[in-house]
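Data block below; observations after.
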């Protein structure tokens, strides 16, 4: 397997982090802030519905974010030079 | 950021960083990372009952992602995981009721804090000792790791206990074992999950390797699969008791997803004993954080 310089590998990891960070910041502003009051109201008024909704949100968000991170890696072709290659370099040392 | 359900103000970046760190641990070591996330949340000022419930909630989603990745690598024994679930769920419920009783008595922080410290130190010493010995002996004699540290005999004895019904787990290389042994591992680790807010992986993973004699990489994947159920059920039972701040869990999870990807990929590059040696340091960090919080709040004076 062709090896890349650690500098390039870290650059690609950084790109992944920045793209993901921007998306997460937008997600905070659009989704989580909106959920704040609604979840508090559910917590105070209907604990059963709050629990079921909470578990559902956690599962949906996990699968969605996993899909997003995989998409970032593929779309920007970072999967070829990113995390896996960084681990390749360190495992050889 | 103010979290009204738990009634605390914490930086979302700190929560996301905690999630990222335990995401790497989850993917790499096959543990939920609750043994480290819990002390970190407690240290940052979250009440202990919310630490336990919220930690379990965030781990549910994270373990789904990590288990999916390990399934793709062929590291999950689904049959073994499903058998353990029975014991796990009973254990989680017992643990959750213990927490409720401690919450009512007002002794929850001190009791759970000290329990955390004792368990984490024991796990750290044991795993560190075992993995160093295994690395040294395998390197010099080229013999099987479990045989080198004397645990092959233990797992053989466990497998020879003939209390029906007996069951086989071909993926894990187990020809025959009493179902009660498997349920026992599930019950014990479920109890830890329900009472400490951890997935139970930091004890289940060593138990799968040493007690049941399962290869480390299968233990990692199967443990993550099991955490889906232990933390999922724990979220429900603690949620119904008002111990879960879902918003906080959602924020933590945004970091955990990225960390889990890195961690799962990293397991390909390290051998079993080396994974366990790296793992042995982590519980001490969790124990130190609990000590700092207890000292800071004056509970240990």
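Quick one: which helices (runs of 4 or more DSSP H) lie wholly within the range B:142-199 and hold at least 2 residues that are modelled with pLDDT of 75 or more and closer than 30 Å to residue B:40 by Cβ? So that I can check it myself, show each step before the final result.
Numbers: elements: B:145-148, B:151-160, B:179-196.
Counting at least 2 such residues, we get B:179-196.
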Can you tell which of B:41, B:82 is free of Cβ contacts under 8 Å to residues at least 12 places away in the same chain and either part of a helix (DSSP H, G or I) or more than 14 Å from the chain's Cα centre (by Cα) (or both)?
-> B:82
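One line per residue, one yes/no per condition, for (1) farther than 16 Å from residue B:18 by Cβ; (2) out of contact with any helix residue (DSSP H, G or I) (no Cβ under 6 Å at 6 or more places or on another chain); (3) at pLDDT 85 or above:
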| position | (1), (2), (3) |
| --- | --- |
| B:240 | yes, no, yes |
| B:287 | yes, no, no |
| B:290 | no, no, no |
| B:295 | yes, yes, no |
Scanning the range B:44-79 residue by residue, those part of a loop (DSSP other than H, G, I, E, B) and more than 14 Å from chain A (Cβ to nearest Cβ) turn out to be B:44, B:45, B:46, B:47, B:74, B:75, B:76, B:77
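I need the helices (runs of 4 or more DSSP H) fully contained in the range A:26-93, keeping only those with at least 2 residues that are at pLDDT 85 or above and facing another protein chain (nearest Cβ under 7 Å). Full working, then the answer.
Details: elements: A:33-45, A:47-75, A:83-91.
Correct list: A:33-45, A:47-75.
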Members of the range B:237-263 that are at the interface with chain A (Cβ under 9 Å from one of its Cβ atoms), within 29 Å of residue B:184 (Cα to Cα) and crowded, with 24+ Cβ neighbours inside 10 Å | B:238, B:239, B:244, B:260
Test: residue in the range B:272-279 that is within 14 Å of chain A (Cβ to nearest Cβ), closer than 26 Å to residue B:75 by Cβ, surrounded by fewer than 19 Cβ atoms within 10 Å (Cβ to Cβ) and modelled with pLDDT under 80 = yes
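Scan the range B:105-116 and tell me whether some residue there is surrounded by fewer than 20 Cβ atoms within 10 Å (Cβ to Cβ) and closer than 26 Å to residue A:52 by Cβ. Walk me through how you get there before you give the answer.
Residues of the range B:105-116 that are surrounded by fewer than 20 Cβ atoms within 10 Å (Cβ to Cβ), as a first pass: B:105-107, B:110-111, B:114-115.
Remaining after also requiring closer than 26 Å to residue A:52 by Cβ: none.
No, every residue in the range B:105-116 fails to be surrounded by fewer than 20 Cβ atoms within 10 Å (Cβ to Cβ) and closer than 26 Å to residue A:52 by Cβ.
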Considering every residue within the range B:225-234, establish whether at least one is away from chain A (no Cβ under 14 Å) and either touching a strand residue (DSSP E or B) at 6+ places or on another chain (Cβ under 8 Å) or surrounded by fewer than 24 Cβ atoms within 10 Å (Cβ to Cβ) (or both).
-> no
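Given the criterion touching a helix residue (DSSP H, G or I) at 6+ places or on another chain (Cβ under 7 Å) and within 30 Å of residue B:167 (Cβ to Cβ), identify the matching residue among B:40, B:84.
Numbers: B:40 fails: within 30 Å of residue B:167 (Cβ to Cβ).
After ruling out the rest, the residue left standing is B:84.
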Residues satisfying the stated conditions in the range B:228-249, i.e. closer than 18 Å to residue A:43 by Cβ, part of a helix (DSSP H, G or I) and touching a residue at least 12 places away in the same chain (Cβ under 8 Å) = B:234, B:235, B:237, B:238, B:239, B:246, B:247, B:248, B:249
Taking into account only those residues within the range B:2-34 that are farther than 13 Å from residue B:252 by Cα, assigned to a loop (DSSP other than H, G, I, E, B) and away from chain A (no Cβ under 13 Å), which is modelled with the highest pLDDT?
-> B:31
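The values are calculated or read from the model by the stated rules, or taken from the named source; none is laboratory data. On a predicted model such as this, the values are computed, not experimentally measured, just so you know. Heads up, the Cβs are rebuilt from the backbone with ideal geometry, glycines too, and the neighbour counts pull from every protein chain shown.
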